[in-house]
């Protein structure tokens, strides 16, 4: 600023000596007016220039922040150009989940034995973390294998069985095979029994037919299977620690959980969906899916 003023004053002196006396006063007045305008205008120009530089730096910066720890919420944020994306949150993710691994400690099970389940989430940095199997959705394609306390329990079978077990969580899936070896139950142990939730069912006149006050009429085949008057053939299994609920396996629905005070609502294990058995639709088997809010009609294969 001082340099500019010095040059303009020097120009005034030269202009003053070069012109005749009648004009030097008017020229000098004109120069001082120019200096005054420059002094008034310059600060606003500097502020405008700095604002432009700051704005352009915000809009077009190529910086990318991976995480900000301690922010009051979790998610992503970006600038107006959408070229800067920032992860924010109290526990911003530094790695991404890219897979699920499920397995059993033993894959060859003698009849009547059990094996512990193990599940892991896999991350894109090559690490993994073990999680509670109860937090995963499971499905089994055979009633000869059941869930119990985060374990798989093999029923007694006369011939070797190959059963596929599937697990799903956070959009990932994993599966493995379990081989059930044939065996005989111990002497004195009943080979089949009804779950406790159906023990109170009264016997009817026809042999092996019973009626439950909450589940209806069914036939006890004596080998772990029942034939329900509405649902057809079901394999039954007790719920550990509960005398009022039970698991039932059907060919189309796979494992279903229900009980006294719950039925006709049923929990379907393979997709963690709650169903309502629409009895009014009989003889067709129709369920209302609370998750999809749609009716499902069961079709026999």
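Read-outs throughout are calculated quantities, based only on the coordinates presented, and are distinct from any laboratory measurement. All figures in this text were calculated on a predicted structure; none of them were measured in a lab. So basically every Cβ, Gly included, is an ideal-geometry build from the backbone, and we count neighbours across all protein chains shown.
A few notes on this one:
- Ascending count of other beta-carbon atoms within 10 Å, so fewest first, for 181, 266: 181, 266
- Per-pair calculated FRET efficiency, R0 = 51 Å: residue 124 and residue 193 via Cβ, rounded to 0.05: 0.60
- Contact order, relative form, for segment 244-290: 23 percent (alpha carbon pairs under 8 Å, 6 or more residues apart, mean separation divided by residue count).
- Least to most buried among 239, 107, 119 (fewest other Cβ within 10 Å first): 107, 239, 119
- Shown is the FRET efficiency for residue 230 and residue 141, computed with R0 = 25 Å from the Cβ-Cβ distance and rounded to the nearest 0.05: 0.60.
- Order of 180, 131 - criterion: other Cβ atoms within 10 Å of each residue's Cβ, fewest first: 131, 180
- Anisotropy class of segment 149-301 from Cα gyration tensor, a/c 1.5 cut: oblate
- Inter-label distance, nm, simple model (7 Å from Cα along the C-beta direction), residue 213/residue 29: 11.6 nm
- When only Cα pairs below 8 angstrom with a gap of at least 6 residues are kept, segment 97-181 shows a relative contact order of 34 percent.
- Remark: the residue 176-residue 116 segment gains 20.2 nm on full extension, using 0.36 nm per residue and subtracting the alpha carbon distance.
- Potential lengthening of the chain between residue 298 and residue 242 amounts to 17.3 nm, from the contour at 0.36 nm per residue minus the alpha-carbon distance.
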